[in-house]
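Visitor: Dropping the structure in here first, questions after.
The values are calculated or read from the model by the stated rules, or taken from the named source; none is laboratory data. If you're wondering where the values come from, they're calculated on a predicted model, not measured in any experiment. Here the Cβ positions follow ideal geometry from the backbone for every residue, glycine too, while neighbour counts run over all protein chains shown.
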C-alpha cells in the first residue's frame, strides 16, 4: 500500500479528490445515501442481504452498522449481520478465512 501511495498517479488522484471533496464528491455521496435509505425503508432489499462489519472499524463504528442492519432487517425478510472481532474497515483482508466462511455459508443457505 505504501508503494501505491508513493506513485505520482496516486498522489495526483489524491490532490484531485481534495479539490472536489466538498463541492462535488460529498454532496453526491449524500444524495446516494438518502436515496438508498429511502429505498430500504420503502421497499426493502429484494434479495437476501448479508452485512459483515468489523468491530474495530474506526471509519464506521459498530453502532452505525447495527442501526443500518436494523433498518434493513425491518423491511428485508432474508437478512443477516455478522460482526468480525479483530477486524476493521477491510474485514475481508484482515479476517479472510472468517469472511469467506460467512459469505460461503450465506450463499449456500437455502431460502
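Visitor: Which condition does residue 23 not pass, out of (1) in a loop (DSSP other than H, G, I, E, B); (2) more than 24 Å from residue 90 (Cα to Cα), if it passes all the others?
Guide: (1)
Rundown of residues vs (1) under 23 Å from residue 104 (Cβ atoms); (2) in contact with a strand residue (DSSP E or B) (Cβ under 6 Å, 6 or more places away or on another chain); (3) at pLDDT below 95, yes/no style:
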{"position": "9", "(1), (2), (3)": "no, no, yes"}
{"position": "13", "(1), (2), (3)": "no, no, yes"}
{"position": "23", "(1), (2), (3)": "no, no, yes"}
{"position": "28", "(1), (2), (3)": "no, no, yes"}
{"position": "38", "(1), (2), (3)": "no, no, no"}
{"position": "68", "(1), (2), (3)": "yes, no, no"}
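Visitor: Out of 50, 64, report the one residue that is touching a strand residue (DSSP E or B) at 6+ places or on another chain (Cβ under 9 Å), loosely packed, with under 14 Cβ neighbours inside 10 Å and modelled with pLDDT of 95 or more.
Guide: Sole residue among the options that is touching a strand residue (DSSP E or B) at 6+ places or on another chain (Cβ under 9 Å), loosely packed, with under 14 Cβ neighbours inside 10 Å and modelled with pLDDT of 95 or more: 64.
Visitor: Hey, could you check region 75-94 for residues that are in contact (Cβ under 8 Å) with a residue 12 or more places away in the chain, out of contact with any helix residue (DSSP H, G or I) (no Cβ under 8 Å at 6 or more places or on another chain) and more than 16 Å from residue 106 (Cβ to Cβ) and say which is surrounded by the most Cβ atoms within 10 Å (Cβ to Cβ)?
Guide: Ranking the qualifying residues of region 75-94, first place goes to 94.
Visitor: Checking the condition more than 26 Å from residue 82 (Cα to Cα) and out of contact with any helix residue (DSSP H, G or I) (no Cβ under 6 Å at 6 or more places or on another chain), which residue from 26, 62 passes?
Guide: From the options 26, 62, the qualifying one is 26.
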